[in-house]
Amino acid sequence: MTNPPSTNDAATANSPTVAQTDNECVAGLPFARGAVFCTLDEYLAHLEIQGAIDLPWWREVRPGLYERVVRMPEAQPEVATREELMRRFGFRR
């Protein structure tokens, strides 16, 4: 089991250690509520559903580019490419 590179993102800094399982699925992700995800798309879909209870999620604004959706007016805007999100959250595919 290996850990992905660390990030300064507050959402990951305050969460349990993100870890890749033997089948390359990822556990310990921010706001995952104990779920394990095998693809970034599965995790992003989960986050979008959690957005209904005001948790942050990532919306694709154009192919391969995402913005973080946060309902706090003082939140700083954040964008990331698909590759950056894959690295940040420890996905290989």
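Among what's in region 8-31 and is farther than 25 Å from Glu74 by Cβ and either surrounded by 14 or more Cβ atoms within 10 Å (Cβ to Cβ) or of a type in the set (Lys, Arg) (or both), pick the residue that is modelled with the lowest pLDDT. My answer is Ala19.
Just so you know, in region 63-77 the residues that are more than 15 Å from the chain's Cα centre (by Cα) and hydrophobic (A, V, I, L, M, F, W, C) include one that is nearest to Ile53 (Cα to Cα), and it is Met72.
Taking strands (runs of 3 or more DSSP E) as the structural unit, those lying wholly within region 35-93 and holding at least 3 residues that are surrounded by 12 or more Cβ atoms within 10 Å (Cβ to Cβ) and touching a strand residue (DSSP E or B) at 6+ places or on another chain (Cβ under 9 Å) correspond to 57-62, 65-69.
The values are calculated or read from the model by the stated rules, or taken from the named source; none is laboratory data. Here the structure is a predicted model, which means the values were calculated and not measured. Using ideal geometry, Cβ is built from the backbone for each residue, glycine included, and neighbour counts are taken over all protein chains shown.
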